[in-house]
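Some notes on the structure that comes next.
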Amino acid sequence: MDSNYTINNEIAIDIPPILRVYKNGHVENLMSEEIVPPSFDPTTKVESKDVVISKEHNISARLFIPKTTYPPTQKLPIFIYFHGGGFCIETPFSPNYHNYLNSVTSLANVIGVSVNYRRAPEHPVPTAHEDSWIALKWVASHVNGNGSDEWLNQYADFEKVFLGGDSAGANISHYLGLRVGKENLYGVNLEGVVYIHPYFWGVDAIGSESDRAEFVEKIHNLWRFTCPTTSGSDDPLINPAKDPNLGSLGCKRVLICVAEKDILRDRGLYYKELLEKNGWGGVVEVVETEDEDHIFHIFKPSCDNALALLSQIVSFIKRD
């Protein structure tokens with residue numbers, strides 16, 4: 001056998017059931033390469049469409065709007081969502097994320113904006129974060145009703161904007177929350193942020209991480225792979241404990257969702273401690289799902305625990 005073939009097919013980082021990275025830099029998506037078009041979903045009565053945010057940077061989004069009562073009789077909150085996938089796989093157009101946004105949009109009665117940011121390794125971190133900031137500014141450009149999208153111009157309530165994401169997407173939401181706190185967005189009130197199984201990390205093990213040494217090493221390596229210029233796992237982009245600006249998170253409420261069997265669980269719980277220690281003046285809630293692992297709700301969306309988690313997220317968004 002050709003030795004080059006062997007080298008190219010050697011696995012560098014294996015994180016089932018999510019992704020696999022080969023030594024030649026190829027990333028294999030173990031979740032799903034399938035994509036679905038925007039549509040009207042008869043089950044949730046939600047309509048979706050795709051929009052271009054930046055042709056130059058190849059940033060787009062899938063927008064979702066409930067059609068139970070259309071046009072809406074009142075302005076709708078905005079839920080801007082960032083998918084997970086370790087910064088290198090998945091899109092808003094995969095069946096998992098498309099269906100998830102249909103569900104949240106319907107139950108929370110919001111306009112959903114699911115952002116398609118560029119991914120590593122072709123576009124290393126922090127490209128995903130910068131793209132997502134551009135997307136957030138694009139949403140904000142509709143504040144006065146003269147942006148490029150009619151749904152946002154006519155039906156969006158910019159006093160009730162929420163960010164959310166799972167795994168790497170929760171990491172992006174955290175970054176954006178800090179940036180809103182620092183830079184502000186004219187006319188936009190960031191009401192809350194939802195972190196689902198957030199991808200935070202650090203050089204020193206916390207909680208039960210030291211019991212899972214092999215997996216810990218994989219996460220260190222994945223971070224270095226997606227962000228080659230990083231200083232390591234204590235980079236403030238991946239370790240909020242090292243960010244001196246943490247107390248300036250630009251929202252009033254935070255919901256942190258963790259799963260009992262997830263190796264990232266302790267990082268999510270620690271994030272609550274960090275916010276409270278750093279003088280952030282908002283309210284933090286934590287939801288823990290027993291007997292479940294990382295992003296279980298994406299793999300098993302109709303299981304009882306996933307439906308319970310969905311309900312908790314929806315009630316967080318709908319609370320006045």
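Protein heavy-atom surface of segment 75-177, 1.4 angstrom probe: 46% of the accessible area is carbon and sulfur, with nucleic acids and ligands not counted.
Look at the dipole of the chain built from charges on Cβ: of His123, Ile15, Ser148, the Cα furthest out on the positive end belongs to Ser148. Cα-Cα pairs above 18 Å in segment 85-162: how many percent? Distances greater than 18 Å cover 51 percent of the Cα pairs. Highest mean packing comes first when the peptides 205-217, 160-172, 140-152 are listed by Cβ atoms within 10 Å, giving 160-172, 140-152, 205-217. With θ taken as phi - 60° and the Karplus curve 6.51 cos²θ - 1.76 cosθ + 1.60 applied, the whole-hertz 3J(HN,Hα) list for segment 25-39 is x, 5, 10, 9, 7, 8, 7, 5, 8, 5, 10, 10, x, x, 6 Hz, x standing for glycine and proline. Stretched out straight at 0.36 nm per residue, the stretch from Glu273 to Asp304 would grow longer than its current Cα-Cα span by 8.3 nm.
For segment 134-196, calculate the relative contact order in percent as a whole number, restricting contacts to Cα pairs under 8 Å that are 6 or more residues apart.
About 39 percent, as a whole number.
Please give me the summed charge of the neighbours of Phe316: other residues whose Cβ is under 9 Å from its Cβ, Lys and Arg +1, Asp and Glu -1.
Spelling it out: positives minus negatives among the neighbours equals +2.
Of interest is the spacing of the C-alpha centroids, which for segment 222-248 and segment 261-320 amounts to 21 Å. Extent along the principal axes, Cα only, for segment 20-179: 54, 34, 25 Å, with the longest axis given first.
Between Ser231 and Asp293, the FRET efficiency estimated from the beta carbon spacing at R0 = 41 angstrom works out to 0.90.
Take the chain with all the other protein chains still there, run a 1.4 Å probe, and you get 43 Å² of accessible area per residue. With both labels modelled 7 Å from their Cα along Cα-to-Cβ, the Asn189 to Ser54 distance reads 2.9 nm. Taking a sphere under 9 Å around the Cβ of Val51 and counting the other residues whose Cβ falls inside, with K and R at +1 and D and E at -1, yields a net charge of 0. Distances between placed amide hydrogens fall under 5 Å for Ala12 paired with Val21, Tyr22, Lys23, all partners being 5 or more residues away or on another chain.
Here the chain is treated as a sphere whose radius is the Kirkwood value from Cα pairs; by Stokes-Einstein at 4 °C and 1.567 mPa s it diffuses with a coefficient of 65 µm²/s.
Per-residue extension of 0.36 nm, minus the Cα-Cα distance of Asp157 and Ser315, leaves a gain of 55.1 nm for this segment. Once backbone amide H atoms are built at 1.01 Å from N, Thr289 has Val258, Ala259, Glu260 as its partners under 5 Å, excluding neighbours fewer than 5 places away on the same chain.
A helix-only calculation puts the chain at -9500 deg cm²/dmol for mean residue ellipticity at 222 nm, using -39500 (n - 2.57) for each DSSP H run of at least four residues, averaged over all residues. Note that segment 162-320, at 37 °C in a medium of 0.692 mPa s, gets a Stokes-Einstein diffusion coefficient of 204 µm²/s from its Kirkwood radius over C-alpha pairs. 3J(HN,Hα) along segment 75-89, derived from phi through the Karplus expression 6.51 cos²θ - 1.76 cosθ + 1.60 where θ = phi - 60°, amounts to 5, 10, x, 10, 10, 9, 10, 10, 5, x, x, x, 6, 9, 9 Hz, with x in place of Gly and Pro.
The largest-to-smallest principal axis extents of the Cα set in segment 5-84 are 61, 33, 20 Å.
For a modelled paramagnetic label at Lys252, 7 Å from Cα along Cα-to-Cβ, no residue of segment 102-116 is in reach, as no backbone nitrogen comes under 11 Å.
The values are calculated or read from the model by the stated rules, or taken from the named source; none is laboratory data. In this text the structure is predicted, and so the values were computed from the model without any measurement. Please note: Cβ atoms are built from the backbone with ideal geometry, for glycine as well, and neighbour counts cover all protein chains shown. Areas reflect the complete protein model, heavy atoms only, side chains present, ligands, DNA and RNA absent. Shrake-Rupley method; radii C 1.70, N 1.55, O 1.52, S 1.80 Å.
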